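Peer 1: There's a structure below that I have some questions on.
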Amino acid sequence: MFFPSELVPYLAHEAVRVLPAALTRELAVRHLYQFLLSATHLETRIVNRGAERIAGNRVGFDLPRSCRLDAYKIYCDEGYHSLYSLDLADQIATATGIPIPRWDYGGFVERLEETGRAILPGEPVLAHLLQVIVFETLITAVLNEVPNEVPNDPTVVTAVREVTRDHARDEGHHHRFFVAFFHLLWTHLELSLRTRVAHAIPPLIRACLVWDTTPVRSSLLLAGLDEPTADTVLQDVYGGAAATRRIREVAQATRRMCESAGVLDLPGARETFAAHGIE
């Protein structure tokens, strides 16, 4: 199989369970496309923009050469993640005959841009750096939502297992880099700006973690569900308590990064994190 059905949460919904097996298979394959295409778009449009700025020493203070070299390595890693993700999606489409939908993740990217402009007006460079720091310290936990057993599951096609394993391994390295970079960035911020950053990080975390359900809705409609039914499935599976719980759980590593840097010691910072469900 191309993707385990247990990792596609809406397949268990009563409105989806009744679909023929062929349509269920298509939903699972398109869910894999979603996983792969999100890497293709977001690694280049979000992460590499920040990585290139760090590598180019354009962050407002001088960086050690080792830090810049590591940022270039991440830039190359993310470009390769994008390449092999799109290539694998294309191979799967050829093998299965299931077309790749035209998902460009522009809404997700724009949501992050709007959040950055709103939380740190007048500080576009800092907003972009925080965007990539938060995104990369969250992505490891997001990838861990795909259980560790999947890369070793012989029922999943080899290429999917290898891509999942390699991506998770690389993102672990990237996580450590961006945690260290955040601590370095934090030491160079003036106190007044630190306070703004402390209150900006929680809404940025939420912007990164609120599910982008546009691809899922599209996939459900392709499977034959009407629009009201598809919207009901999305609300039942991705809304309410499930969304709140996911944000709290996935954000823990990023919160620990902030705790270790002293972010939460600033006045009102803990309350802001808690107000956004991150505690």
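Peer 1: Check Ala200 against each of (1) assigned to a helix (DSSP H, G or I); (2) in contact with a Phe, Trp or Tyr (Cβ under 8 Å, 6 or more places away or on another chain) and name the one condition it does not meet.
Peer 2: So the condition that Ala200 fails would be (2).
Peer 1: Pick out the one residue from Arg102, Arg53, Arg68, Arg49 that is among the charged types (D, E, K, R), more than 22 Å from Met257 (Cα to Cα) and out of contact with any Ser or Thr (no Cβ under 8 Å at 6 or more places or on another chain).
Peer 2: Arg102
Peer 1: Answer yes or no as to whether Leu209 is of a type outside the set (S, T, N, Q) and at pLDDT 95 or above. I'd like the intermediate steps shown before the answer.
Peer 2: Details: of a type outside the set (S, T, N, Q): yes; at pLDDT 95 or above: no.
No, not satisfied.
Peer 1: From (1) closer than 25 Å to Ala243 by Cβ; (2) surrounded by 18 or more Cβ atoms within 10 Å (Cβ to Cβ), pick out the condition that doesn't hold for Tyr75.
Peer 2: Exception for Tyr75: condition (1).
Peer 1: Also, I was wondering about something else. Restricted to the stretch 86-110, and to residues that are surrounded by 15 or more Cβ atoms within 10 Å (Cβ to Cβ) and touching an Asp or Glu at 6+ places or on another chain (Cβ under 8 Å), which residue is nearest to Val197 (Cα to Cα)?
Peer 2: Within the stretch 86-110, the match that is nearest to Val197 (Cα to Cα) is Phe108.
Peer 1: From the list Asp87, Asp62, pick out the single residue that is assigned to a loop (DSSP other than H, G, I, E, B), among the charged types (D, E, K, R) and free of Cβ contacts under 8 Å to residues at least 12 places away in the same chain.
Peer 2: Working: Asp87 fails: assigned to a loop (DSSP other than H, G, I, E, B).
Within the list Asp87, Asp62, the selection yields Asp62.
Peer 1: For Tyr33, only one of the following conditions fails: (1) under 30 Å from Leu129 (Cβ atoms); (2) assigned to a helix (DSSP H, G or I); (3) within 23 Å of the chain's Cα centre (by Cα). What is its number?
Peer 2: (1)
Peer 1: Considering only residues of the stretch 90-116 that are over 18 Å from Val156 (Cβ atoms), in contact (Cβ under 8 Å) with a residue 40 or more places away in the chain and in a loop (DSSP other than H, G, I, E, B), which is nearest to the chain's Cα centre (by Cα)?
Peer 2: Looking at the filtered set, the residue picked out is Tyr105.
Peer 1: Next question. Can you go through Ser66, Ser82 and tell me which one is within 15 Å of the chain's Cα centre (by Cα) and either closer than 24 Å to Arg102 by Cα or surrounded by fewer than 21 Cβ atoms within 10 Å (Cβ to Cβ) (or both)?
Peer 2: Working: Ser66 fails: within 15 Å of the chain's Cα centre (by Cα).
Sole residue among the options that is within 15 Å of the chain's Cα centre (by Cα) and either closer than 24 Å to Arg102 by Cα or surrounded by fewer than 21 Cβ atoms within 10 Å (Cβ to Cβ) (or both): Ser82.
Peer 1: Looking at Arg194, Arg169, which one is basic (Lys, Arg) and either within 19 Å of Ser260 (Cβ to Cβ) or crowded, with 22+ Cβ neighbours inside 10 Å (or both)? Write out each step before concluding.
Peer 2: Working: Arg169 fails: either within 19 Å of Ser260 (Cβ to Cβ) or crowded, with 22+ Cβ neighbours inside 10 Å (or both).
Result of the check over Arg194, Arg169: Arg194.
The values are calculated or read from the model by the stated rules, or taken from the named source; none is laboratory data. Just so it is clear, the structure is predicted and the values come from calculations on it, not from any experiment. Virtual Cβ from ideal backbone geometry, glycine too; neighbours counted across all protein chains shown.
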